[in-house]
Amino acid sequence: MSHSISVARFLLCLSTLCGIIVPNQTRTSTLFSQFSVSQQMMQGYLSAEGIHVQRQRVRNMLSKINPAAAAERWSCAVARWTYSVPLPNSLWHIDGHMRLIRWGIVTHGGIDGHSRVITYLRANLDNTALTVLASFVGATFQYELPSRVRSDCVGENTQVALLMNLIYGDERRSHITGRSVHNQRIERLWRDVFTQVIQYFYHLFYFFEDEQILDPDNDIHRFSLQQVYLPAMQERLDTFRAAWNSHRLRTESNRTPNQIWMEGMVANCQQDTTAINHVFSRVPHNEELETMLG
């Protein structure tokens, strides 16, 4: 089934099954190039675009558009494990996704361990410590500084570790390192990022190579590829992030990550904790960060 046919069928389903008019069909079409998504995530995509559809109708649409993918999702049991972080911003998990490194593109991301809010998701042209730091600091201007950060013990995270230790001191384990198996919150996220965003570009770039359109060892080819596709990739990552943060979690009483983060902050606003204090400006660090980064 071609992408254009799938999109046309999806938009038709939106109109006929839901009785709504899609406000911007061109933009909405770009959101659903991958249909192997769960009903909750599809509702998240729609909600992020201001489109609200009943759960059963979304499920019916997905079954009509791609029955095989729907059946596969239902047949795959997900092994769940106990995981607990007490408050929003208590712990962020950060990591880099390297599936497009062959073409000089790396995806960097962070996720709040309590609420599962994706705090940042950036497509970058290198994997240096300064690039990781810039992505991390950019997220703190929206969500403030977390109390702790967990990452793999690799060189690109050294500047984030230095920042956390400079602000909080190096005695409280503000930056926690370890093997990827201990960073499972974001390792699990990468699976969905790949299937819903990165996979499209991964196969497309290999197709270009197979057709001898692209030579990944040619600097001009790589530069041209990056200039053309990096903005489109970032747009898709932004769309995915908005959908993820708006999708309902069955294990969290059908609340969204955004709701969990906000409710956690409001419910604990009187607590004197590092994670909460930053958000309510009792320990403002934004001016400090701006000064440190020039």
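Computed from the coordinates by the stated procedures, all read-outs in this text should not be read as laboratory data. These numbers come from a predicted model, not from an experiment. Positions of Cβ are backbone-derived with ideal geometry, glycine not excepted, and every protein chain shown enters the neighbour counts.
Here are the numbers:
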item: Span from the the range 113-146 Cα centroid across to the the range 191-217 one, whole angstrom; result: 24
item: Reference-scaled alpha-carbon Rg (2.2 N^0.38 Å with N residues) for the range 88-293; result: 1.08
item: Order of Glu187, Glu211, Glu144 under a 10 Å beta carbon neighbour criterion, fewest first; result: Glu211, Glu187, Glu144
item: Karplus-derived HN-Hα couplings along the range 110-127 (A = 6.51, B = -1.76, C = 1.60, θ = phi - 60°), whole Hz, x at Gly and Pro; result: x, 9, 6, x, 7, 9, 6, 5, 6, 7, 7, 8, 10, 8, 10, 9, 7, 10
item: Burial ordering of Thr140, Thr107, Thr273, fewest other beta-carbon atoms within 10 Å first; result: Thr273, Thr140, Thr107
item: Gain upon complete extension [Leu162, Glu209; 0.36 nm per residue less C-alpha separation]; result: 12.9 nm
item: Likely footprinting exposure, Phe208, Phe136, fewest C-beta neighbours within 10 Å first; result: Phe208, Phe136
item: Net charge, Arg148 excluded, C-beta distance under 10 Å - Lys, Arg +1, Asp, Glu -1; result: +3
item: FRET E, pair His221, Phe194, Förster distance 25 Å, beta-carbon r, rounded to 0.05; result: 0.60
item: Once the Cα gyration tensor of the range 148-265 is diagonalised, semi-axes √(5λ) in Å; result: 33, 23, 13
